[in-house]
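The values are calculated or read from the model by the stated rules, or taken from the named source; none is laboratory data. Remember, it's a predicted structure, so these values are computed and weren't measured experimentally. Note that we place each Cβ from the backbone using ideal geometry, even for glycine, and neighbour counts take in every protein chain shown. In case anyone asks, the SASA skips ligands and DNA or RNA and just uses the protein heavy atoms, side chains included. Shrake-Rupley method; radii C 1.70, N 1.55, O 1.52, S 1.80 Å.
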Amino acid sequence: MKKILLLQTGGTISMDESRKLHQLDRSGWSRILDKQIPEINSLADIEVEHLFAEDSSDLNRQHWKIIAEAVEQNYADFDGFVILHGTDTMAYTASALSFCLQHLDKPVILTGSQVPLANIRSDARRNLVNAIEIATMSLCEVMICFNDHVFRGNRTTKMSIGDFDAFASPNYPPLAEIGLNIELRDTFLAGTTQSFETYPEFSDRILLLKSHPNLNTSYLRPDWGSLRAIVLEAFGSGNFPLKDQQGIWPLLKKGFDRETLIIITSQAPYDSVDLTKYESGRRALDKGAIGAGDMTVEATVTKLMYLLGRYKDNSDVRNQFQQPIAGEITV
Ligand code: ASP
């Protein structure tokens, strides 16, 4: 039987049924797991490790490091890893892990639920059973398994607050669909012969800025001394306002002058940024801005945090940012 490590980090899946929405502690979670899925050990030889119990909106790079190190420390002893996680920032954690866990030759699956496992009408049972089954397969990447879909983690984004079908992968097809049978597609990352490595240090020296009509740029006063990169979430193909008070150009210009990296992503989740299409994108491109291609915002931000944590020099970050690391971008 395959050995699977279940890493508990919190989220709705591990809340109590009272709907007061408390996180269950270690023993409370084991009790609910035994009650709701008593046959879980027929799927695999499962061990549970309680890392922390947080709403995922409270997670940050320290938590990503704890999860990555838990995978690293247990890597040799298990065939696959399932991480129970809140849905709100699951796509960020999945993306971050896909960059910092390199040359994986085992599956790492994140899952959670919209309704606590403790509740009778929960989607948790299905998600957890599916995730464990996928974790017993010989797959080599970080995935999100939710509502009968398996997506590449760093291509995934949370789309729905209230629907069981909460996630989508706008620019990459699902890796597997789960129905009567589990249908694996041929979209998985190929296996690797290199040894598994982890790089769990992430930098927070970035600013994610969303463009909107009437953005009052006088409110934007970054600490230029420490800021290393700005991600501008622009409109459409990478377009942003140039005129009047809302013009972001003076801010970007300061960034270019200080060799701050300027990355342009889009508010439109489908398709790829193309900075050559309109005046603002072309101006930014001329000064050295980088388009984020078809990466999700979650992948863009966490990839930068990973690269800034790993490389001191922004020119290394610039070069690496444009290369795929874990299938996060179409080139
Ligand atoms: N607020 C919860 C979380 O992300 C939502 C969920 O798990 O669905 O932790």
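Have a look at PHE196, PHE188 and point out the one that is aromatic (Phe, Trp, Tyr) and over 19 Å from ALA91 (Cβ atoms). Working first, answer last.
Working: PHE188 fails: over 19 Å from ALA91 (Cβ atoms).
Exactly one of PHE196, PHE188 is aromatic (Phe, Trp, Tyr) and over 19 Å from ALA91 (Cβ atoms), namely PHE196.
Please indicate, with yes or no, whether at least one residue in the range 138-156 is outside any loop (DSSP other than H, G, I, E, B), open to solvent by less than 20 Å² (accessible area, probe 1.4 Å) and basic (Lys, Arg).
The answer is yes; a qualifying residue exists.
Name the pairs: first residue in the range 192-211 and under 18 Å from GLN73 (Cα atoms) and in contact (Cβ under 8 Å) with a residue 12 or more places away in the chain, second residue among the basic types (Lys, Arg) and surrounded by 15 or more Cβ atoms within 10 Å (Cβ to Cβ), Cβ to Cβ under 6 Å, at least 6 apart or on different chains?
Every condition considered, the pairs that remain are TYR199/ARG310; PRO200/LYS65.
Which of the helices (runs of 4 or more DSSP H) contained wholly in the range 222-331 include at least 2 residues that are under 23 Å from the mean Cα position of the chain (by Cα) and surrounded by 15 or more Cβ atoms within 10 Å (Cβ to Cβ)? Before the answer, list the steps.
Numbers: elements: 249-257, 279-287, 297-310, 314-321.
By residue number, 297-310, 314-321.
So which pairs qualify, if the first residue must be in the range 250-274 and farther than 19 Å from MET305 by Cα, the second must be at pLDDT below 95 and among the hydrophobic types (A, V, I, L, M, F, W, C), the Cβ gap must be under 8 Å, and the two must be at least 6 apart or on different chains?
What qualifies is LEU251/LEU220.
Name the residues in the range 105-118 that are more than 16 Å from the ligand (Cβ to nearest atom) and open to solvent by less than 10 Å² (accessible area, probe 1.4 Å), would you? Explain how you work it out, then say what you get.
Restricting attention to the range 105-118, the residues satisfying the condition of being more than 16 Å from the ligand (Cβ to nearest atom) are 105-108.
Answer for the range 105-118, where residues must be more than 16 Å from the ligand (Cβ to nearest atom) and open to solvent by less than 10 Å² (accessible area, probe 1.4 Å): PRO107, VAL108.
State the number of residues belonging to the range 289-303 that are touching a helix residue (DSSP H, G or I) at 6+ places or on another chain (Cβ under 6 Å) and over 15 Å from GLN323 (Cα atoms).
Qualifying residue count for the region: 1.
Here are SER113, SER30, SER42: which of them is touching a residue at least 24 places away in the same chain (Cβ under 8 Å) and small (Gly, Ala, Ser)? Working first, answer last.
Values: SER30 fails: touching a residue at least 24 places away in the same chain (Cβ under 8 Å); SER42 fails: touching a residue at least 24 places away in the same chain (Cβ under 8 Å).
Going through SER113, SER30, SER42 in turn, just one is touching a residue at least 24 places away in the same chain (Cβ under 8 Å) and small (Gly, Ala, Ser): SER113.
Being within 24 Å of MET305 (Cα to Cα), touching a Leu at 6+ places or on another chain (Cβ under 6 Å) and of a type in the set (S, T, N, Q), is that true of even one residue in the range 226-241?
Scanning the range 226-241 turns up no residue that is within 24 Å of MET305 (Cα to Cα), touching a Leu at 6+ places or on another chain (Cβ under 6 Å) and of a type in the set (S, T, N, Q).
Any idea which residue in the range 181-206 is nearest to LEU97 (Cα to Cα), counting only those that are open to solvent by less than 60 Å² (accessible area, probe 1.4 Å) and outside any loop (DSSP other than H, G, I, E, B)?
THR198
Give ARG126, ARG121 a once-over and let me know the one that is more than 12 Å from the ligand (Cβ to nearest atom), outside any helix (DSSP H, G or I) and free of Cβ contacts under 8 Å to residues at least 24 places away in the same chain. Quick ask: steps written out before the conclusion?
Values: ARG126 fails: outside any helix (DSSP H, G or I).
Result of the check over ARG126, ARG121: ARG121.
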